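> Dumping the structure here so I can ask a few things about it.
The values are calculated or read from the model by the stated rules, or taken from the named source; none is laboratory data. Keep in mind that this is a model prediction, so the values were computed, not measured. For neighbour counting, all protein chains shown are included, and Cβ atoms are generated from backbone atoms with ideal geometry for every residue, glycine included. Only protein heavy atoms, including side chains, enter the accessible area calculation; ligands, DNA and RNA are left aside. Shrake-Rupley method; radii C 1.70, N 1.55, O 1.52, S 1.80 Å.
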Amino acid sequence: MTEKIQIVIKPRLSLSSVNVLKPLHVIAIALLLAGAAGLVSDTIGEIIGPIEYNGYLGYSFDGVDTTVHTVEWMFEEEIGESFIIIQAPPGWSHEVTSNSVILTGGTLAPGDDLEVKVSFRRYVESGEKPLSAVGLTSDGGALPAEGVLEVSNLILLRLLALLSQFSVPLLAGGVIVGGVGMFWPREPTDTVPGEPIEKTPPYIPTEEDEPTQEDEEEQSCSVGYRWMHQVMDLTVGPGSEEGLLYRALPDDPLPLRAIGYDRHYLIHECTCPKTGSVSRESYLMFANVRYEWSIIRGKGGFIDKNDENLKKQDAGEQVIYMPPDIEDPTEKEEVTVMVTVYHDDATKPPDHDPVTAYLDMEITREIAEEGEGSKTDTEYTDPGELRDEYLYKLTLRKETQIGSQPPESAGGDCVPAKEWMVGGSIEGNIVHTPTDVAYGDYVRLKASGSDTDELSLICNPGGEGGCVKEDSVGVTVNDVLNYQWSADKGTFPRGGYGRECVWRAPDTPGPVNITLQISDKGDQFGDEPKTYRTKIIVQKLGIDLVKPPKSWLPDAANGAFKALATTYVCRDGKWTTPGRRKYVKAKLTKVSREPGVCLNYPKDGKNNPDLFFHEEQNRDRYLQYHDETDSADCPTEILVAGDNPAHQKHHLYAVSKRMENTAQPVIRVEDYGATGHLTATANHCVQIPPRDDASKKHEDCKEGSNTIKLPRDENGNDIADGAKQDLNGAPANQDNDPKPTGEGNGDGLTNYEEYRGFVVGGRRNVAMTVGPMVLNLPMGSAKQHTRTNVKKKDVFVYDADFLGTGMLDVTGLDIHILYLEDLFNGTDKREINFNHGRHHGGLQHGLWLRNQNMPGLYGRACGGANGPPKNKTHICINVAVNTAAGEPANRLANSIGHELCHGLNIWHHGEGGNHACGNASWNFTANSQGRLTSGNISCIMRYDQYAIAWCHDAHHTHMYATLTAQPDGTVNVVYNDPVGTMLCKDNAGTGLNNAGAGHINNATRGNCQGQLKVKDW
């Protein structure tokens, strides 16, 4: 930030540089000046000054993004009493005091120059005069600067001053003119022109001419004085008659300053009783004033420090206005503040009516999204920022004050003079500095002060022929004091001036030294300034968050998390509550954007943010911004109708409508694997590391990021620490399910995918004939969401015809039945993790189970060779054959399990091998050793009740059935081998396949459990 002031008085006319002015002309001008000087020297000076000199006061600034609405130049009394304002800039009003020039009502932008054309009415010694200036900005700041006033030789004004000091009235008979000589006007006579004039001899006094007491009284000047009020005026800042726009942080108050002046004249009169002449001078003096503030319309109130109770009335030169909460940026608050300035100086009468000004405020809340944010295919990294401000339109209403003019100065036999003398020294103190000050607080400092001066009014004899003795009288008057505040930290937003002054605390902790200097304004006796000091301790402000419980897991079916942010003040080395009330901002970053809500629902899932602020539950307390909706086509049903209420927005930023010590925005969840980071901020607050739970307290004033991760994930693998799938921080893309044993570990689903989970079950209507009617009846089961077991392999079966999975459970797999085709992305794709995103290993497929009429077949696994699920397009079961008369009761379950196992890479024990065996009388079908019927007699992958016997290649048969000849010549066959109900773990023949002594029907493959393979990639 840089400020500069330009303060220069430039000569317009110099006697030494104007050749046309001959000596006689100079004398003529001097005579004219001399003739008037004894009467109205200031009046003549106002004519002569602009002729001789013309300059300007200037002010400009740059380096800050604000505007200035008030500029005050301050200088010595000698300068102020001599200034003439020739022209003020358009749109600005001006005020001249004894030691300052104040411009208000306009607007000065960075880089622009403000110039006030000025001159002098009285002589001022040449040289550089130190002075200072301050600009009050629209955002509540002050831009001080220092400079010098360059004054060259003022010849004519110097001559006028000399004449005024030594001359007597022209009409009284003569004028002394700068050493030119003395000229007496000739008295009128009635003599004839050309005749000699008879001269009167000089008068020589005698004893008879000794003065009497009456003569002495007549020869003594008589002093008198009276007071008159000239004008009182008032302005209030920031504000202007046109309406000034002012921006501030929404939870910062608005400091206001009143600038008033009350000008009185002391009229000093000197009477010469002998001649009856009266001389007169008028002395301009400023009286002390007091200010009263009142809110006469609207909400809000006055405070002495942030978070104090509001007052509707206050007093002092500077006050702090706290606006109301504005909950809706489309609305505005209208407030009127009445400011009244009163005459408050008994030593400078008369008392008179006060002057009142009105500051009309239109206050709105302006919230704007800033920055485009950033995102990737898998997350909304950062939505951008939010600018939250209060916008004030400040319109000043006041009447223009027209002052009374004092009587003109007059000359006579007695010459008025004055002399200021010490009455009493300046007395004062700092009377109010609040405690418990925190970052960014606005604080009102208060002082007291007084100073009385003695004014001696003198009437001096002016010359021969009149009064010869002086007279004098003493007058005690109060001085008007300057209160100049400074601090080694923080700022004075309305300038460091005034008995009551507003100071804004810095955002740094520790002691701040406050200094007050009380001095004369310079109109009266020059007392020594007094300096007073105090100290304010500034405490840190902070804001934290509470981590979610470990047990909290994201639930897409209208799941929610209520955050808890709290503000604190650092007291005695610990964060303590309550902190300051603030507008709290909550921001979601690094929010996952997985398709859908889980791995298999819904089909064609959208990539909206998985976490966002809950539009309904936050409506009353929070405003929401940065909508990152990718698609408004969100499912309203996840498990049951309406469990994900309709919504159109996905906001990642929320800010409280009202100032609060604790904020609890609600975050909505729309994915079972949702992750994101939440950060809370507030103006002037540092971040405090989050607490583990709300019952914990901070043991110190430590600072650090308050960002929490949803859900709690200390190890950073995007799986909730409280979820079984976390495995103490195992990699999210790991797929290492060890059970049940088979061909390798894993089931094609990573740990994160199993944590994110699946929707299973589902109901759909099926046409069923009931008597003469065809009814659509709901079949299936309620939809459920499941997070699968990362230690156990999973298989998903789309049961198109509600057959059940039979004996598939003998595999030891976790079996998940789907009754809705969309849950595995349709029968053409059969993908179970089609909504994959982060931490994905590869596509995993389910098995499609259906009922199909296939004459002569129990079932069939269709598609490519046996292998993992991706190889088989569908599994067909002939329900009619499996449930035909004479079939074992568990035949259907066996067939379903058998065929589904083909979709899991499990083969028959052997292939083929049926042949005719026996003799001519007992010819039957047998199965060769190591083929379809071999191996473990109870394995579901063995063909049971398929052959009468098994035999060696030499047709040595071992019977599976008992054959009984019937009278009609037929043979009754009773099978003795059981329907399989398990998976074998080796190839050894058991039961009827083990006749001992080398007659064992071992399977060619066998070890069906070891063949099990679920993983597709």
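> When the residues of the stretch 447-466 are filtered to those that are assigned to a strand (DSSP E or B) and open to solvent by 20 Å² or more (accessible area, probe 1.4 Å), which remaining residue is farthest from T347 (Cα to Cα)?
P461
> Name the single residue, out of those in the stretch 467-489 being in a loop (DSSP other than H, G, I, E, B) and touching a helix residue (DSSP H, G or I) at 6+ places or on another chain (Cβ under 8 Å), that is surrounded by the most Cβ atoms within 10 Å (Cβ to Cβ).
C467
> A further question on this structure: For the stretch 718-729, check the following and say yes or no: at least one residue is in a loop (DSSP other than H, G, I, E, B) and either open to solvent by 70 Å² or more (accessible area, probe 1.4 Å) or closer than 18 Å to Y568 by Cα (or both).
For the stretch 718-729, residues in a loop (DSSP other than H, G, I, E, B) and either open to solvent by 70 Å² or more (accessible area, probe 1.4 Å) or closer than 18 Å to Y568 by Cα (or both): present.
> Only one of G935, G856 is on the phi > 0 side of the Ramachandran plot, out of contact with any Phe, Trp or Tyr (no Cβ under 6 Å at 6 or more places or on another chain), open to solvent by 10 Å² or more (accessible area, probe 1.4 Å) and not in a helix (DSSP H, G or I); which?
Going through G935, G856 in turn, the sole match is G856.
> Condition check: under 18 Å from P548 (Cα atoms) and small (G, A, S). Does A730 satisfy that?
Judged against the criteria, A730 is not a match.
> A further question follows. Can you give me the number of residues within the stretch 89-145 that are open to solvent by 20 Å² or more (accessible area, probe 1.4 Å), over 23 Å from I79 (Cα atoms) and of a type in the set (V, I, T)?
1
> From the list H999, H952, H915, H956, exactly one residue is modelled with pLDDT under 95, more than 30 Å from G841 (Cα to Cα) and out of contact with any strand residue (DSSP E or B) (no Cβ under 9 Å at 6 or more places or on another chain). Which is it?
Just a single option satisfies the conditions, and that option is H956.
> Within the set of pairs 6 or more residues apart or between chains, which connect a residue that is within 19 Å of V437 (Cβ to Cβ) inside the stretch 307-336 to a residue that is surrounded by fewer than 18 Cβ atoms within 10 Å (Cβ to Cβ) and not polar (S, T, N, Q) with Cβ atoms less than 7 Å apart?
M322/L310
> Which of the residues that make up the stretch 245-267 are in a strand (DSSP E or B) and open to solvent by less than 10 Å² (accessible area, probe 1.4 Å)?
Scanning the stretch 245-267 gives Y246, L254, P255, L256, A258, D262, H264, L266, I267.
> Please determine whether any residue of the stretch 555-578 is in contact (Cβ under 8 Å) with a residue 60 or more places away in the chain, of a type in the set (D, E, K, R), open to solvent by 20 Å² or more (accessible area, probe 1.4 Å) and touching a Lys or Arg at 6+ places or on another chain (Cβ under 7 Å).
So far as the stretch 555-578 goes, no, none of its residues is in contact (Cβ under 8 Å) with a residue 60 or more places away in the chain, of a type in the set (D, E, K, R), open to solvent by 20 Å² or more (accessible area, probe 1.4 Å) and touching a Lys or Arg at 6+ places or on another chain (Cβ under 7 Å).
> Which one is surrounded by the fewest Cβ atoms within 10 Å (Cβ to Cβ) among residues in the stretch 514-542 that are more than 21 Å from V569 (Cβ to Cβ) and of a type in the set (G, A, S)?
The residue in question is G526.
> Being of a type outside the set (G, A, S) and either open to solvent by 20 Å² or more (accessible area, probe 1.4 Å) or on the phi > 0 side of the Ramachandran plot (or both) is the filter here; which residues of the stretch 954-966 pass it?
H955, H956, T957, H958, M959, T962, L963, T964, Q966
> Residues that are within 30 Å of E454 (Cβ to Cβ): which strands (runs of 3 or more DSSP E) entirely in the stretch 514-595 hold 3 or more of them?
530-539
> For the stretch 277-299, enumerate the residues that are free of Cβ contacts under 8 Å to residues at least 60 places away in the same chain and open to solvent by less than 50 Å² (accessible area, probe 1.4 Å).
Passing the criteria: V289, Y291, W293, S294, I295.
> Going through the stretch 807-825 one residue at a time, which ones are in contact with a helix residue (DSSP H, G or I) (Cβ under 9 Å, 6 or more places away or on another chain) and at positive phi?
Correct list: G812 only.
> Looking for whichever is open to solvent by 30 Å² or more (accessible area, probe 1.4 Å), more than 24 Å from N882 (Cβ to Cβ), over 60 Å from the mean Cα position of the chain (by Cα) and not aliphatic (A, V, I, L, M) here; the options are G969, G1006, G991. Which one fits?
G969
> Here is a list: V795, V760, V790. Which entry is open to solvent by less than 30 Å² (accessible area, probe 1.4 Å) and part of a loop (DSSP other than H, G, I, E, B)?
V790
> While we're on this one: Could you please give the count of residues in the stretch 64-77 that are open to solvent by less than 10 Å² (accessible area, probe 1.4 Å) and of a type in the set (A, V, I, L, M)?
Count: 2.
> If you go through the stretch 500-513, how many residues are surrounded by fewer than 23 Cβ atoms within 10 Å (Cβ to Cβ) and part of a loop (DSSP other than H, G, I, E, B)?
Looking only at that region, the number is 4.
> Look at D360 and say whether it is in contact with a Ser or Thr (Cβ under 6 Å, 6 or more places away or on another chain) and open to solvent by 20 Å² or more (accessible area, probe 1.4 Å).
Taking the combined requirement at face value, the residue satisfies it.
> Going through the stretch 312-334 one residue at a time, which ones are farther than 23 Å from K585 by Cα, open to solvent by 70 Å² or more (accessible area, probe 1.4 Å) and not in a loop (DSSP other than H, G, I, E, B)?
Q313, E334
> Can you go through C901, C951 and tell me which one is farther than 30 Å from R850 by Cα and open to solvent by less than 40 Å² (accessible area, probe 1.4 Å)?
C951
> Would it be correct to say that P350 is modelled with pLDDT of 95 or more and within 17 Å of E389 (Cβ to Cβ)?
Spelling it out, it is not the case that P350 is modelled with pLDDT of 95 or more and within 17 Å of E389 (Cβ to Cβ).
> Are there strands (runs of 3 or more DSSP E) fully within the stretch 945-986 with at least 2 residues that are among the polar types (S, T, N, Q)? List them.
961-965
> Could I ask something else about it? Just one of F83, F61 is open to solvent by less than 20 Å² (accessible area, probe 1.4 Å), modelled with pLDDT of 85 or more and of a type in the set (F, W, Y); which is it?
Sole residue among the options that is open to solvent by less than 20 Å² (accessible area, probe 1.4 Å), modelled with pLDDT of 85 or more and of a type in the set (F, W, Y): F61.
> Within the stretch 640-648, does at least one residue satisfy the condition of being free of Cβ contacts under 8 Å to residues at least 12 places away in the same chain and farther than 27 Å from R571 by Cα?
yes
> Only one of these is closer than 25 Å to N306 by Cα and either small (G, A, S) or touching a strand residue (DSSP E or B) at 6+ places or on another chain (Cβ under 6 Å) (or both): A663, A674. Name it.
Result: A663 is the single residue among A663, A674 that is closer than 25 Å to N306 by Cα and either small (G, A, S) or touching a strand residue (DSSP E or B) at 6+ places or on another chain (Cβ under 6 Å) (or both).
> Within the stretch 802-822, is even one residue open to solvent by less than 30 Å² (accessible area, probe 1.4 Å), part of a loop (DSSP other than H, G, I, E, B), in contact with a His (Cβ under 7 Å, 6 or more places away or on another chain) and within 17 Å of K1015 (Cα to Cα)?
No - not one qualifying residue is present in the stretch 802-822.
> Read through the list (1) crowded, with 16+ Cβ neighbours inside 10 Å; (2) closer than 30 Å to I514 by Cα; (3) of a type in the set (D, E), then give the number of the only condition that D436 fails.
With respect to (1) crowded, with 16+ Cβ neighbours inside 10 Å; (2) closer than 30 Å to I514 by Cα; (3) of a type in the set (D, E), D436 is out only on (1).
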